[in-house]
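Here is the structure we will look at.
The values are calculated or read from the model by the stated rules, or taken from the named source; none is laboratory data. Keep in mind it's a predicted model, so treat the numbers as computed, not measured. Reconstructed Cβ throughout: ideal geometry from the backbone, glycine too, with neighbour counts over all protein chains shown.
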């Protein structure tokens, strides 16, 4: 969603809700960053080790080739949650130009409630997928496919929580279109 940046001199909302929202957002950003960077580093190191061993011995270790299958979903979902936290996701904003501040607030609150409900539901349904994929194993590492699918569930929960913190920010904000744009300024 493209939003008009707020001025940095604007007073940040205070109170219990603002504190909980900020703490939750900070925890989600830290976890998403750790997951994305961790997945990238582990995949890079594993594949580099495979290249080195293959070059030196003409034989592969095997397990590094399974790491992208296991870790790439974590990298993607970490990035998706971070994009949502920064308000850098794709959104259609044509109708927002027709609505005033109050109309946009109602629209965005309804939007966040729908997003939260959808992603928490997908996380719940994803638990069934984990049960089904629990018997599929990667041949070399013996790791079950449920670890790759767990990334979806964790990502859906992260997106649901982000929708709830965005809802909290909408309730506190004077300009509903600047909610995540203001969050960006806090991070800079």
Residues that are surrounded by fewer than 16 Cβ atoms within 10 Å (Cβ to Cβ), closer than 22 Å to residue 159 by Cβ and more than 17 Å from the chain's Cα centre (by Cα): does the range 87-94 have at least one?
yes
Give the number of residues within the range 129-143 that are closer than 11 Å to residue 66 by Cα and either at pLDDT below 85 or in a strand (DSSP E or B) (or both).
1
Test for residue 99: is it assigned to a loop (DSSP other than H, G, I, E, B) and either at pLDDT 80 or above or in contact with a strand residue (DSSP E or B) (Cβ under 6 Å, 6 or more places away or on another chain) (or both):
yes
Go through (1) touching a helix residue (DSSP H, G or I) at 6+ places or on another chain (Cβ under 6 Å); (2) part of a helix (DSSP H, G or I) one by one and return the number of the condition residue 60 breaks.
(2)
So which residues in the range 46-61 are more than 21 Å from residue 149 (Cα to Cα) and within 30 Å of the chain's Cα centre (by Cα)?
47, 48, 49, 50
How many residues does the range 23-37 contain that are free of Cβ contacts under 8 Å to residues at least 24 places away in the same chain and surrounded by 14 or more Cβ atoms within 10 Å (Cβ to Cβ)?
1
Here are some residues: 12, 3. Which one is loosely packed, with under 13 Cβ neighbours inside 10 Å and either at pLDDT below 90 or at negative phi (or both)?
12
Please state which one of 151, 116, 123 is in a helix (DSSP H, G or I) and crowded, with 20+ Cβ neighbours inside 10 Å.
151
